[in-house]
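J.: Below is the structure I would like to discuss, written out as structure tokens.
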Amino acid sequence: MKTVPVTSTQRTLRTGVVGSPFLARIALHEDRVDAAQYEFNVAAVMRGLPLLLKTPVTFFVGENGSGKSTLLEALAWAMGFSAQGGHKTRAYAEHTDGHALGRALDLSWRQKVSDGFFLRAETFFDWVEYLKSTGSRFAPELDGCSHGEGFLKLFEDRFEDGMYLLDEPEAALSPNRCLSFLALMHQLAQRRCAQFLIATHSPILLCYPHATILQFSDSGIRQIAVSECEHVKLTRDFLNAPERYFRHLFEAAD
């Protein structure tokens, strides 16, 4: 990845100065809410909007089924990304993942950006196959890579300025590669004015400094500190004393 000088208008996370993100607010057009659609029955989404985005990196965290991916897919649709992930296509296809909620979202921008990427961990290889079918010069570089290697290579070689929506990127990454990802993300956020919205369960990623953590639950969406994050607390407590958890889990199973 090439580096560029940091200008006075760019973010400098290293010194703790965090700039304003491109996308500032996520709300709903109430007249476009359709209760017959699944997305409008997700409690966190319906009770959690509008949302104000304050930092270049925002994490969506919560239990499985809490609505993190639902909102991320809708945001991807509203920004013109393909439902299968990848760069912007301006397709806005109907009856695809994120369509119903996406067309109901009201997005407020401080600065509109045209570039970016939508990563869906489960469809990453589908995107690679798409690149092959288009004759992309980048496809041979990804061919033969593992999931994690391909993801990091994509980040190193192709990600620059723009909006990045990432759905559970840790699914492809070992703990060590998660650290590599943090370094790459930090370089982009600091030097290239990129904004990241990331749905994750990873305690390592959630510890990234200067990020906003938004917890999804049936009561809505609220900002929490990393010290409040259940994923971080549970992982720390488990590693400190796994025998306590084994005793409880295995006794319950007997």
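Each reported figure results from applying straightforward, stated rules to the coordinates on display, with no laboratory input. Just so you know, these numbers come straight off a predicted model, no measurement behind them.
J.: Quick one: what are the phi-derived ³J(HN,Hα) couplings along region 80-85, Karplus 6.51/-1.76/1.60 with θ = phi - 60°, whole Hz, x for glycine and proline?
T.: x, 7, 5, 4, 8, x
J.: Once you order the gyration tensor axes a ≥ b ≥ c over the Cα atoms, which shape class does region 201-254 get: rounded for a/c under 1.5, otherwise prolate or oblate by comparing a/b with b/c?
T.: Working: a/c = 3.85, a/b = 1.82, b/c = 2.12.
Oblate is the answer for region 201-254, as a/c is 1.5 or above yet b/c matches or exceeds a/b.
J.: Let me ask another. Quick query: amide H of Arg25 versus all other amide H atoms, modeled in the peptide plane; which residues come in under 5 Å with a sequence gap of 5 or more or a different chain?
T.: It is Leu53, Ser108, by chain and number.
J.: Please give the contour-minus-distance gain from Gln111 to Thr96: 0.36 nm per residue of separation, less the Cα-Cα distance, rounded to one decimal in nm.
T.: Numbers: separation 15, 0.36 × 15 = 5.40 nm, distance 2.70 nm.
Going from the current span to full extension adds 2.7 nm.
J.: Counting only Cα, what are the radius of gyration and maximum Cα-Cα distance Dmax of region 156-254, in Å?
T.: 16.4, 54
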